[in-house]
Every structure is written in structure tokens, then in C-alpha cells.
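This report refers to the structure that appears directly beneath it.
The values are calculated or read from the model by the stated rules, or taken from the named source; none is laboratory data. Remember, it's a predicted structure, so these values are computed and weren't measured experimentally. Reconstructed Cβ throughout: ideal geometry from the backbone, glycine too, with neighbour counts over all protein chains shown. Surface accessibility is based on the protein's heavy atoms, side chains included, excluding ligands, DNA and RNA. Shrake-Rupley method; radii C 1.70, N 1.55, O 1.52, S 1.80 Å.
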Amino acid sequence: MTDDREKRRLDNTIMEGLRSMPEVDPPKGFSARVMENLEPKRPSAWTRFRLWLTEPRSVTFTPVRMIPVFAAAMVLLVLGFYAMDTNDSGNGMRMSTIRFVLNDSGMNARTVAVIGSFNSWQAHDAAMRFDDATGAWVLEAQLPPGDHEYMFLVDGQKLMADPLAQMTRDDGFGNRNSIVFVNGTYEQAL
Amino acid sequence: MALLAFFLLSASCAWAGDAGFVKMADRARECGVSSGMIGQIESFTAEGSLSDAEAVSLLLPLVAACADNFPLASFEDKLAEGFAKQVGPFSIVRALDRKLDEFRFARDMLQDSGGGVAQQALVVLGEGLSKGVPRQDFKTYVSMYGDHAPELFLTGLEMMSLLSQAGFDFRLTRSMLDVGFAGKGLSPEWRYFVRIVLVARQRGLTDDAIAEAAGTVLEDSGSLADVAVHLGFTSRDLSGRGLSN
């Protein structure tokens, strides 16, 4: 109890001393100097990015100055459509989609591929898919203009000429290669 | 011919004992034979499908073609075809040697004509001869039309080569070419005139009738579509899509 009373007395003495102190104005420009030295809080990168995205902006333009921009956009658009339409092989040659079909006709083949001069006679990129509806093996391939020789490779071993090909050639190995003709660009009218 | 091929193969096998496959592969690589093709032969050798001597014999015609400045693509393609069809090395070498022989004949023929050896014409001639076009027909063509503009000459050459491969009478081909060269009506699309012939034959038309229609159209510098119309079918029949459609 005695300790509590002593503490209250001391508090009262200090408070009385503070109240009786003279009022002194801060030095001139003190507030401004304090504020200048305060480091502003830097928002995080994400917050800054979000603010940049959401902050409304106004754009001004004159129609005359926009003409070249629209012209460039149209040129790019036309070139894009042209590139898609020409189906270029990358070396300036126009490619055509050729559909190869081989009727299974009871062969019960497990795999069929088209090997030919257009794919370096490699079967791995030329596997045909079996179409249940027609009972035929089908492959659509992109070929450059020219006359191309090919054969069907059945089950990885048996070579077959295309029974529907209109022209064949002796391959020099005892077989006959089938021939497919692909249009050049100048023949598109046909 | 088979005896000659056997002799060449035997000779190359003997040579292989001295130089070896590695040296031959290096020579082929330096010559511009594709690394993919050399790698394929190396892998066949490594797995024992080909002996070193057989590998050398396969590369010899390619190196010889390179020495003669012939385009290697035709030779590499034949080699790849042989591998894909699992043809024995002896038969592949025979086919490559025959092609080499035909290309040499084609080069000499072009040189003798005085018009220079254009690579495109060389390929059309060499490939055509390899595929059975008679040498005499090409000689006649080069002597008769060799003084025309290169593009026109090449168009006619390819047209004639494909027609010959389709068994079209050379006499009829010449009658069309005479008109085409005289009237300058032989535009590039005519090199695939054989497509018209194949479709027309399927429809029962004779080669004489086809040649007559083509001659009439060429006189007016017409197109292949015009020939089709003359023969009574539409250009839709020549859509250029795969013949296996």
C-alpha cells in the first residue's frame, strides 16, 4: 500500500511539473524538414503493375496520322492470309495436299505407309491411317510440284504399287513405282 | 551389263581392302554426300547388315558422280530407295552405275550440242534416260530444238521425257513440239501434258486424237485446259490431286 501511494504521489509531481513548463514554439521550418526526410513507402512490383494496368488513360490522335498505321496493319493482314493460302514449303515452292488411298480388300494389313521420292523413301513419317467407314488406308501428304514416285509399304515389308495410279515406272530393282503428278503454281487454272 | 556390274563390284571390293570404308566415307562427305546418307551406311556397317566392302561399293558411284559435277540428289535418292526396299547392295550398285552412265551420256550430248550443260536439262535427261527414254529420241530432240531459249527448251524436254515414259509415240510428240516451238505456245504448264494423255486414254481416246487436239491448241498458244475441252472433258478431271484418289 505504501508503495502504491508513493508511486501516485510521484506521478502527480511529474504531471504537475509538465503542466507548469513554459510553451515553446518549434524552430521555423521544422515540420517541413521532418516531412522531407521521411522515406515514402514504395509499393510492391505487383501493386505497381496492377496500378499501371488499371489506371485509366486517355489517348488522342488525329485521323490523318493514323492512316499509315492502318495501311501497315492491312498489309500485314493480307500478307498473313497469303502466307496461309500459299502453304509454302519454306523454299518458295507451293505445296499441294495429295490424298493417297489403298483399299485393304481383305489384306488385313496391320500397318501401311507411303514411301516415295518426296519423303526420301522413309516410312516413319508416312504412316497411313485406317478408315473404318471405307475400309481403306488413307494418308494426306504435302507435296511440291513435280512428278513423284512412290509405293505402299505393307506391314513394314511388302511393297505394293498403287492399283489406282495412272502411270508406273520400272524402279530398276524389279518393281514398278507408281507416279503422282503435282501441279505447279502456274497450273492452278487447271 | 550384269557382268560389268559384277566386275565393278569385285573391283571396288578389292579396292576397299586398301582404302577402307572410313576413307571412302570421308571422300563422300567432302564431296557433299549428305551426312544422313553416310550415317545410314555407317550404321548398317556397324550392325553388320553391310560389309565394309559393300559400303565402299555403294559410295563409289556417288563419289564418281561428284567428280563429274553431277547433282548428287538423284543418286542419293536411288540409294535411299534401295535401302527402303531392302534391295541387296549388288542391285543398288548396278542401278547407281546405270544412272551414272546415263548422266554421262546426257552431259556429252549437251556438250556436243554446243549449248552448254545446264544442270536442270542434265537432270531431266539423266533421269529420263534412267527411266527408259530412248537415247536416240533425246538426241533427236536436242539436235532439233537445242537452239531455242533455255526455258522453252527445258519445257519441251520434260514434256517429251514424260510422254516417252508413258509410251507416247515420239513421232506424235515431235508433231506437237514443232507447232509449239514455231508459235512459241509452249508455256511451262505443257511439261505436264502427260496428265492430259493419261486421262484421255482412260476415256478411250487414241494418242493420234490427243496429239491432233494438242497441235490445234498450241497453234493458238492455248493452255492445257483448252486441250481438255477439245477432247471433251473438263479441267476438273485434271485437278492435280493424287492419282490414288
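A few comments on the model shown:
- Any hit, segment A:124-137, residues being open to solvent by less than 40 Å² (accessible area, probe 1.4 Å), within 10 Å of chain B (Cβ to nearest Cβ) and under 20 Å from A:Ser96 (Cβ atoms): no
Residues checked against (1) surrounded by fewer than 18 Cβ atoms within 10 Å (Cβ to Cβ); (2) within 14 Å of another protein chain (Cβ to nearest Cβ); (3) assigned to a helix (DSSP H, G or I):
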{"residue": "B:Phe168", "(1), (2), (3)": "no, yes, no"}
{"residue": "B:Arg171", "(1), (2), (3)": "yes, no, yes"}
{"residue": "B:Leu177", "(1), (2), (3)": "no, no, yes"}
{"residue": "B:Phe181", "(1), (2), (3)": "no, no, yes"}
{"residue": "B:Glu189", "(1), (2), (3)": "no, yes, yes"}
{"residue": "B:Ala200", "(1), (2), (3)": "no, yes, yes"}
{"residue": "B:Asp208", "(1), (2), (3)": "yes, no, yes"}
{"residue": "B:Glu212", "(1), (2), (3)": "yes, no, yes"}
{"residue": "B:Leu218", "(1), (2), (3)": "no, no, yes"}
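- The residue pairs whose first member lies in segment B:213-234 and is among the charged types (D, E, K, R), whose second member is open to solvent by less than 60 Å² (accessible area, probe 1.4 Å), and whose beta carbons are closer than 6 Å, counting only pairs six or more residues apart or on different chains, are B:Glu219/B:Val179; B:Glu219/B:Gly183; B:Asp226/B:Val217.
- Search result, residues across segment A:90-123 that are among the polar types (S, T, N, Q), open to solvent by 60 Å² or more (accessible area, probe 1.4 Å) and outside any loop (DSSP other than H, G, I, E, B): A:Asn103
- Only one of the numbered conditions (1) touching a residue at least 12 places away in the same chain (Cβ under 8 Å); (2) under 20 Å from A:His148 (Cα atoms) is not met by B:Ala65, and that is (2).
- When restricted to residues that are crowded, with 18+ Cβ neighbours inside 10 Å, of a type in the set (Gly, Ala, Ser) and more than 14 Å from chain A (Cβ to nearest Cβ), segment B:63-90 contains 1.
- Single residue of segment B:33-62 satisfying the filter (touching a residue at least 24 places away in the same chain (Cβ under 8 Å) and small (Gly, Ala, Ser)) that is nearest to the other protein chains (Cβ to nearest Cβ): B:Ser34
- Exactly one residue out of B:Asp18, B:Asp52, B:Asp26 is more than 30 Å from B:Gln111 (Cβ to Cβ), of a type in the set (D, E, K, R), in the same structural domain as B:Phe103 (by TED's automatic domain parsing) and at pLDDT below 90, and it is B:Asp18.
- So B:Val93, is it touching a Leu at 6+ places or on another chain (Cβ under 9 Å), more than 29 Å from A:Lys158 (Cβ to Cβ) and within 14 Å of chain A (Cβ to nearest Cβ): no
- Single residue of segment B:107-162 satisfying the filter (touching a Leu at 6+ places or on another chain (Cβ under 8 Å), polar (S, T, N, Q) and open to solvent by less than 50 Å² (accessible area, probe 1.4 Å)) that is farthest from B:Val194 (Cα to Cα): B:Thr155
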